[in-house]
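Heads up, the thing below is written out as structure tokens.
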Amino acid sequence: MLHVQLQRLTSQGYSLLSVDLEGRTALHHAALRGHKEAVRFLLSSAPPSLVDIQDTPRCQTALHVAAEHRRQVICGMLVAAGASLSLTDIKGRTPRDIAISNGDVNLAGYLES
């Protein structure tokens, strides 16, 4: 269970704001893989700034990643935690724009509000 591993790492002093070589946080990876419990743990344990950290290659937040992979529940969790709906990636796209380009009208409608 990813969230259990994250709990162990934080108890050993690991920062939840740490990034990999491409600027992705644990939240980016959890959103990408659809790990709801890990997302929940990260949002409740990390500083609020975690939610809008943009990765290096594509300037995407975890919300961009979740929208790209049609993770509707995770998108809802991120929005509830205060994720920005207006940040754009390197191509100038918001998470809503990504949902539209994927043909996910329900998610695009949600991300419009």
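Here are some conditions: (1) within 15 Å of the chain's Cα centre (by Cα); (2) loosely packed, with under 15 Cβ neighbours inside 10 Å; (3) closer than 17 Å to Ala31 by Cβ. Asn102 meets all but one. Which one does it not meet?
(1)
Name the residue, out of Ala67, Ala62, that is in contact (Cβ under 8 Å) with a residue 40 or more places away in the chain, surrounded by 15 or more Cβ atoms within 10 Å (Cβ to Cβ) and farther than 13 Å from Leu16 by Cα.
Ala67 is the lone residue from the list that is in contact (Cβ under 8 Å) with a residue 40 or more places away in the chain, surrounded by 15 or more Cβ atoms within 10 Å (Cβ to Cβ) and farther than 13 Å from Leu16 by Cα.
Among the residues that make up segment 99-108, is at least one of them closer than 19 Å to Asp20 by Cβ, modelled with pLDDT of 95 or more and acidic (Asp, Glu)?
Scanning segment 99-108, I find no residue that is closer than 19 Å to Asp20 by Cβ, modelled with pLDDT of 95 or more and acidic (Asp, Glu), so the answer is no.
Restricting segment 20-57 to residues that are among the polar types (S, T, N, Q) and assigned to a loop (DSSP other than H, G, I, E, B), which is farthest from the chain's Cα centre (by Cα)?
Once the filter is applied, the top-ranked residue is Thr56.
May I ask you to say which residue of Asp89, Asp52, Asp97 is in contact (Cβ under 8 Å) with a residue 12 or more places away in the chain and in contact with a Lys or Arg (Cβ under 9 Å, 6 or more places away or on another chain)?
Of Asp89, Asp52, Asp97, the one residue that is in contact (Cβ under 8 Å) with a residue 12 or more places away in the chain and in contact with a Lys or Arg (Cβ under 9 Å, 6 or more places away or on another chain) is Asp89.
With respect to Leu17, is the statement that it is more than 24 Å from Glu112 (Cα to Cα), in contact with a Phe, Trp or Tyr (Cβ under 6 Å, 6 or more places away or on another chain) and either free of Cβ contacts under 8 Å to residues at least 60 places away in the same chain or not acidic (Asp, Glu) (or both) true?
no
Anything in segment 37-57 that is farther than 13 Å from Thr94 by Cβ and buried (at least 16 other Cβ atoms within 10 Å of the Cβ)? List them, or say none.
Step one: list which residues in segment 37-57 are farther than 13 Å from Thr94 by Cβ, which gives 37-51, 53, 55-57.
Once the filter is applied, which keeps residues that are farther than 13 Å from Thr94 by Cβ and buried (at least 16 other Cβ atoms within 10 Å of the Cβ), segment 37-57 yields Ala38, Val39, Phe41, Leu42, Leu43, Ala46, Leu50, Val51, Ile53, Asp55.
What is the one condition in (1) outside any helix (DSSP H, G or I); (2) over 17 Å from Ala30 (Cα atoms); (3) within 14 Å of the chain's Cα centre (by Cα) that Leu111 does not satisfy?
Condition not satisfied by Leu111: (1).
The values are calculated or read from the model by the stated rules, or taken from the named source; none is laboratory data. The structure presented is a predicted model; accordingly, all values stated were derived computationally and were not measured. Please note: Cβ atoms are built from the backbone with ideal geometry, for glycine as well, and neighbour counts cover all protein chains shown.
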